[in-house]
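Here's the structure we're looking at; comments come further down.
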Amino acid sequence: MRAHLCRHCHAAPISRPRRLCWSCYYTPGVRGRYPSASRFARQGLGLSQHSRPLPASPTTALPGSPEKIAALEERALLGLALWHPDDALIDRRAYPRLHRQARKVRAPIAAAAG
């Protein structure tokens, strides 16, 4: 059986993701030239690795609201970044119970990671 060769150098056998050999995968600038071929890679509208232009204006819609979801859909269709730095956020003071629940979830994760 013939070994599959690297997409970049066409000399070494494939040993890394993106159908690249070890050497090409770790050579600066090479990996980014070849998109992921994995079916598990995060792909789709707004999930690419390339930076996209910011939307012209932020949205005042709260996260999770139908208005926010519509704004995200519109941004994705226009090829813009999904999130604007000045988009509306949920005020933690207005929802203290949600904030406490989020801390309870994050605490075990932080302890396991640290």
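Structure summary
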{"item": "Residue pairs meeting the criteria (Cβ under 9 Å; at least 6 apart or on separate chains; first free of Cβ contacts under 8 Å to residues at least 40 places away in the same chain and of a type in the set (Val, Ile, Thr), in region 62-74; second loosely packed, with under 13 Cβ neighbours inside 10 Å and not in a helix (DSSP H, G or I))", "result": "none"}
{"item": "Index of the failed condition, residue 68 passing every other in (1) assigned to a loop (DSSP other than H, G, I, E, B); (2) under 20 Å from the mean Cα position of the chain (by Cα); (3) at pLDDT 85 or above; (4) surrounded by 10 or more Cβ atoms within 10 Å (Cβ to Cβ)", "result": "(1)"}
{"item": "Some residue of region 13-20 being aliphatic (A, V, I, L, M), modelled with pLDDT under 90 and either surrounded by 12 or more Cβ atoms within 10 Å (Cβ to Cβ) or at negative phi (or both)", "result": "no"}
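The values are calculated or read from the model by the stated rules, or taken from the named source; none is laboratory data. Bear in mind that the values here come from a model prediction, so they are computed numbers and not experimental data. Methodologically, a virtual Cβ is constructed for each residue, glycine included, from the backbone with ideal geometry; neighbour enumeration extends over all protein chains shown.
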